[in-house]
1. Given LEU306, LEU320, which one is assigned to a helix (DSSP H, G or I) and either touching a residue at least 24 places away in the same chain (Cβ under 8 Å) or aliphatic (A, V, I, L, M) (or both)?
2. Give region 47-85 a look and list any residue that's basic (Lys, Arg) and not in a loop (DSSP other than H, G, I, E, B), or say none.
3. What is the residue count in region 285-342 for residues that are under 25 Å from the mean Cα position of the chain (by Cα), open to solvent by less than 70 Å² (accessible area, probe 1.4 Å) and of a type in the set (A, V, I, L, M, F, W, C)?
4. Mind listing whichever residues of region 234-259 are crowded, with 20+ Cβ neighbours inside 10 Å and hydroxyl-bearing (Ser, Thr, Tyr)?
5. What is the residue count in region 341-378 for residues that are modelled with pLDDT under 95 and not in a helix (DSSP H, G or I)?
6. Just a yes or no: is a residue in region 427-445 farther than 30 Å from LEU90 by Cα, open to solvent by 50 Å² or more (accessible area, probe 1.4 Å) and more than 22 Å from the chain's Cα centre (by Cα)?
7. What are the residues in region 446-462 that are open to solvent by 40 Å² or more (accessible area, probe 1.4 Å), outside any loop (DSSP other than H, G, I, E, B) and under 22 Å from PHE253 (Cβ atoms), if any?
8. Output the residues belonging to region 246-261 that are touching a helix residue (DSSP H, G or I) at 6+ places or on another chain (Cβ under 8 Å) and under 22 Å from PRO119 (Cβ atoms).
Amino acid sequence: MAKDVVQQHDRTCCGVIQEAKYQAREKHAQRTKPQPWIILKFTILITAGIIGFASYVYIGRLCVPMMLKHNGALGTQATGIVFLVVICPLLIMVIWSYAKVVFTPPGYAKEFVSPSAEPTFPTPPPAHPSEAVNDIGGTEYEPTSTDRSAEKDLKPARRASAPRSSVSTPIAAHTRERVHSRTLPEESDANVGVLDALPPPISSARDLEQGLGSTSRSQDAAPLPLFSRRPPTTPVLLPQYRYCYKDGHIKPFRAHHCRACGTCVLKYDHHCPWVGQCVGARNHKFFVNFVFWAALFCLWIFATLLALVVKEGSKPNSNLDPLEIVVIALAGAFGLFTVALFVSHVHLISLNQTTVESLGFRTITEREDATLAQMHSWYHFGAKKRTRRQWDSEWGRIGKEGNMWWLGSKRENWEAVMGRNIWWWFLPIGHSLSDGKTYPVNPRFDSEGRWRRRAEWPSGLR
């Protein structure tokens, strides 16, 4: 009966979507070889072709006929001259910034770190004497899901397995299912490897007290209440949690392994197919410059060309160029895309977060939303706001004081990526202030990368 119910659930729409998601995730996890070079760089030709096509239609089929006073031109000679004077600098900036982001490597960790042996994890003490070998020479019993919560954060394939009892209990089976279902970020993400910026979310309150990361906390610290903010306690700054098993070296801070490129990238933000490589420490500034100028380029073409085409279309016996209609559609679509991309990157840079790191903060926020839903009814908005304010007063704000790489202000975060020279903010020149290998750690975190309560911060920051 229960089996029929499960099968019936699997045949539903949600079950099919969930199964497809798991299959896609497994397919990405099994991919060990980087994408071929021709596939990575093919989109560069597509992008260059789109820019060239839009420029030809706008200049050659719109501005030039107006300047030469051809019959059927959509505007006057003065209009054509003004449009040409505006579009040419925009086109130059788009090509210049795009070339900079394409030909500037993001920074690869293998060029700065040497291969090393896999760091060893300290063996955690048994949580209960019953897990040790018993007096009659038998093996340890299968632990419950909370007794080995810290062990789940270790690399399953690299961790030495202890002997286990051959007797399978329902609790033991449930434990194995949870261990195998909770994968590392390396196995669950399509692009990146082991994430060292933010640890995976914890699953229970006991993770805070018995995990490997909780060993350095003070022994007399008061336990957290049932409903409270529970930041991850994985010591992500330790070499054991920054080791890349694919490249065989310890990654620098904020570096991640990109499966598409097949290597670790310094301050990995994301893999952008439109530039044929990753966006990282060395080319993130140029990527923002390109997105900014591309947004202006697309919006100018869309607004001016659309206005003239609508004006011409309202006349009787109008003769519209179909290529201009195509360019309007392309400029509108890419204009919305580049504007949204620019706004999101400006926001992340002001918080000193990469795209990958922001996903970790989103996970923490979603988990807190679920906790607030258990504490208060859905319509108690004021109570939820007061509870979150109380948590912020105890810990600090998620993504700001709770960001390991927060520099103290949005201006400092922005200048760390875009530079202190204002011209560097708009022109594809200069470089970021960081070398991509070392980053100052927020003093609100301990030396191993755990977020501390406000009472444990340095006195000047409380």
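1. On the way: LEU320 fails: assigned to a helix (DSSP H, G or I).
It is LEU306.
2. Looking only at region 47-85, we keep the residues that are basic (Lys, Arg), and these are 61, 69.
Hit for region 47-85 is ARG61, nothing else.
3. Qualifying residue count, region 285-342: 15.
4. The answer is THR234, TYR241, TYR243.
5. 3
6. Among the residues of region 427-445, at least one is farther than 30 Å from LEU90 by Cα, open to solvent by 50 Å² or more (accessible area, probe 1.4 Å) and more than 22 Å from the chain's Cα centre (by Cα), which makes the answer yes.
7. Matches in region 446-462: GLU456, LEU461.
8. At the first step, the residues of region 246-261 found to be touching a helix residue (DSSP H, G or I) at 6+ places or on another chain (Cβ under 8 Å) are 247, 249-252, 254-257, 259-261.
Scanning region 246-261 gives ASP247, HIS249, ILE250, LYS251, PRO252, ARG254, ALA255, HIS256, HIS257.
The values are calculated or read from the model by the stated rules, or taken from the named source; none is laboratory data. Keep in mind it's a predicted model, so treat the numbers as computed, not measured. Cβ: placed from backbone, ideal geometry, glycine included. Neighbour counts: every protein chain shown. Just so you know, the surface numbers come from the protein's heavy atoms only, side chains and all, with ligands and any DNA or RNA stripped out. Shrake-Rupley method; radii C 1.70, N 1.55, O 1.52, S 1.80 Å.
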